[in-house]
Amino acid sequence: TVLVVDFGAQYAQLIARRVREARVYSEIVPSTMPAAEMLAKNPKAIILSGGPSSVYAEGAPSIDREVFEAGVPVLGICYGFQLMATTLGGTVDNTGSREYGATPLSVSKSSSTLFEGTPDEQQVWMSHGDACSAAPEGFTVTASTNQVPVAAFENDERKLYGIQHHCEVMHSTYGQQVLEHFLYRGAGLTPSWTTESIVDEQVAAIREQVGSKRAICALSGGVDSAVAAALVQRAIGDQLTCVYVDHGLMRKGETEQVEKDFVAATGVQLKVVDAADRFLDALSGVSDPEQKRKIIGREFIRVFEQAQAEIVAGAPSDEPVAFLVQGTLYPDVVESGGGTGTANIKSHHNVGGLPEDLEFELVEPLRKLFKDEVRMVGQELGLPEEIVQRQPFPGPGLGIRIVGEVTRERLDVLREADAIAREELTAAGLDRDIWQCPVVLLADVRSVGVQGDARTYGHPVVLRPVSSEDAMTADWSRLPYDVLARISTRITNEVAEVNRVTLDVTSKPPGTIEWE
Ligand code: XMP
C-alpha cells in the first residue's frame, strides 16, 4: 500500500488515482492520523499531498518527524514538500513570490531519481504562496523556477523526495513519469495492481465474508450496482439474488438492458418487480420536486423491502439471507470519513440508500475503487459496454426530468425525446466527451408552433449536456451545432407533442445538473 496523506485540498484523491494508474494500490489517510498509526499500516511508500494552508499559518496541519525516519520512502508534493523542508531543517519563506498555473521548471537530472529521462525544461503546474529557499541538509536540489530556487529536492539514500509542483495534474507534462519514478525507482515498487488482481482479491474476500449464506442486491441499472452484483455473482454464484425495482421512470431500453443483457452476461438470479403503476399512482397530482423525490424514495424502499422479505422467507434455514450488496465507491468512503457538512441541496435518492434497520451485513466490494476502476472491473467481468460505460442517471429517473406532474403519457414523450438525443450523441461519438445529458420535459409550458402548415401548441424539451469531473461542479458542453441541429430536427419531427428544443447554457453553480 502507498499511503496518500491528505492535507485538506482536493488533490489527495487525484494523487491516489494517479498512483493506481501506475498500477500500485494506494489509500488516502487524513493528516491528523498519528504517524504510528500510519506506519502500522506497513506502507511501502508515503505521499504527502498539497493543501490550502501556509506551513506558517496558525493551526496549519503538520506531520510527525517519525514519518521521515522510519525508512519508508516519502514523496512530498506542494504543501507536503514545504512541510518536509521545514520539518527536516530546510527553509521556507513567505516571500510573496506566488506561482500559480503552468510554470516552466528547470531540472538538473544528473543527480535525480525523479526527473531522469525527462527534459531539462518542462512545464509544471504550480499553486503556492510560500517558497523553499534552502533544502534540508543532505538533500540535493534537483529543480528550480524563475521565482523559486528550490522547487524540488531529493535524498536518495534516505529515500526522501519533494517537489513543489503538482505532478498529479495533467498540466504537469511529465507529472505521471515523475510519480512513477518515485514509485518504481525511489520506492522499488512493481506495477501489480491490475484489474485481474482486483477481481481475484475481491472474489476471495467475498467468499470469505459470505461463506455458505445468501446475499441480495438491489440493481438500479447503473454501473456501480451492476459491477458490485457481477463481482458477488462471480464469487458466490446462486447464493446471490438481485432485485430490480422497475419504477416506470427508466429511459427507453434500460429495463430491458438489465433484464436481458445483464442477466445474459452474468447468469445472475434476478427478481424483477414491476411497480410502475404503484409509483405513478403515488406521484399523481404532485409537481413539487422535493415531494416527488421523497415519494419515489419511499416507494422504492417499500417495494424493495417486500421483495426482500419474500426472498428471505424462501431461503433454506441453513443458508439464510444475511448479506446486502452495495456499490459504495472509494470516494464516498473517503468523503464520509472527512465528515464535512455540505448543505443538502437536493434530497438524493440512492438505490443503495436503504433503511438502516435492515438486519443484514453489508458486502461492499467496490469500497476500495474509483469509478474508472469500477468500469474496468465491469469490463473484465464481461458486462455489456452499454452498462459499463453508462453515464450517471439519477435514482428517481425521469420523474425529476418532467417539470410538472409525472404521468404515463408525459413519460412516454420524454422517453422518446431522450432516446433520440442519446442516439445522436452516440452516433456523433460524443459519449465520452460529455458527463451526461439530461433531457427535460417542460410539461406545464406550451408554445405555439407550425408544422406542415398547421398550428401546433406543444411542449418544449431542454437539452442539458454537461461536462464535469465529479458532478459537484459542471459546465455546459459546447456541442457541435450540427449535432444539436440533428437532435432538434429529429425530436420535433418524431415526437408529436414536442415543438421546441432548447439548450441549457448554465454552469453548475449556479444551476444544478438536473432541473429538479
Ligand atoms: P445535480 O442535479 O445535483 O446532480 O447537479 C448531480 C449528479 O447527481 C445525479 N443525481 C442523482 N443521483 N440519486 C442519484 O443517484 C438522486 O436522487 C440524484 N439526483 C441527482 C445527477 O444526475 C448528476 O449526475
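The values are calculated or read from the model by the stated rules, or taken from the named source; none is laboratory data. The model shown is predicted, which means the values in this text are computed figures rather than measured ones. Glycine also receives a Cβ, built like all others from the backbone with ideal geometry; neighbour counts cover every protein chain displayed.
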**OP:** Keeping to the stretch 186-202, report how many residues are surrounded by 18 or more Cβ atoms within 10 Å (Cβ to Cβ) and not in a loop (DSSP other than H, G, I, E, B).
**Re:** 4
Subject >> Residue count for the stretch 432-446, restricted to those that are at pLDDT 95 or above and over 20 Å from T506 (Cα atoms) >> reply: 3
**OP:** Determine if the stretch 447-462 includes at least one residue that is within 26 Å of P510 (Cα to Cα), modelled with pLDDT under 95 and not in a strand (DSSP E or B).
**Re:** no
Original post:
Can you name every residue in the stretch 54-85 that is polar (S, T, N, Q) and more than 21 Å from E168 (Cβ to Cβ)?
Top reply: S62
Original post:
Do we find a residue being modelled with pLDDT of 95 or more and either crowded, with 16+ Cβ neighbours inside 10 Å or away from the ligand (no atom under 16 Å from the Cβ) (or both) anywhere in the stretch 353-363?
Top reply: yes
Original post:
Quick one: in the stretch 472-516, which of the residues that are part of a strand (DSSP E or B) and more than 16 Å from the ligand (Cβ to nearest atom) is surrounded by the most Cβ atoms within 10 Å (Cβ to Cβ)?
Top reply: V498
Original post:
Right, V440: within 12 Å of the ligand (Cβ to nearest atom) and part of a strand (DSSP E or B) or not?
Top reply: yes
Original post:
Among the candidates F182, F153, F115, which residue alone is in a helix (DSSP H, G or I) and aromatic (F, W, Y)?
Top reply: F182
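Here is a yes/no grid of residues against (1) at pLDDT 90 or above; (2) farther than 19 Å from L114 by Cβ:
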| position | (1), (2) |
| --- | --- |
| L3 | yes, no |
| A12 | yes, yes |
| A22 | yes, no |
| Y25 | yes, yes |
| A36 | yes, yes |
| G59 | no, yes |
| R65 | yes, yes |
| A85 | yes, no |
| V92 | yes, yes |
Original post:
Can you name every residue in the stretch 283-310 that is surrounded by fewer than 17 Cβ atoms within 10 Å (Cβ to Cβ), free of Cβ contacts under 8 Å to residues at least 40 places away in the same chain and within 16 Å of the ligand (Cβ to nearest atom)?
Top reply: D288, Q291, R298
**OP:** Those residues that are part of a loop (DSSP other than H, G, I, E, B) and over 18 Å from K44 (Cβ atoms), I need them from the stretch 158-167; list them, please.
**Re:** Q164, H165, H166, C167
**OP:** Confirm whether V141 is aliphatic (A, V, I, L, M), within 23 Å of G50 (Cα to Cα), out of contact with any Ser or Thr (no Cβ under 7 Å at 6 or more places or on another chain) and in a loop (DSSP other than H, G, I, E, B).
**Re:** no
Subject >> In the stretch 370-404, the residues that are away from the ligand (no atom under 13 Å from the Cβ) and part of a loop (DSSP other than H, G, I, E, B) >> reply: F370, L381, G382, L383, P384, Q389, G404
Original post:
Of the residues that sit in the stretch 405-435 and are within 28 Å of D277 (Cα to Cα) and within 16 Å of the ligand (Cβ to nearest atom), which one is nearest to the chain's Cα centre (by Cα)?
Top reply: R422
Subject >> Index of the failed condition, P73 passing every other in (1) loosely packed, with under 13 Cβ neighbours inside 10 Å; (2) within 17 Å of F182 (Cα to Cα) >> reply: (1)
Subject >> In the stretch 121-138, residue surrounded by the most Cβ atoms within 10 Å (Cβ to Cβ) [restricted to those that are part of a loop (DSSP other than H, G, I, E, B) and modelled with pLDDT under 95] >> reply: D130
Original post:
Regarding Q257, is this residue within 30 Å of T407 (Cβ to Cβ), more than 16 Å from the ligand (Cβ to nearest atom), crowded, with 16+ Cβ neighbours inside 10 Å and not aliphatic (A, V, I, L, M)?
Top reply: yes
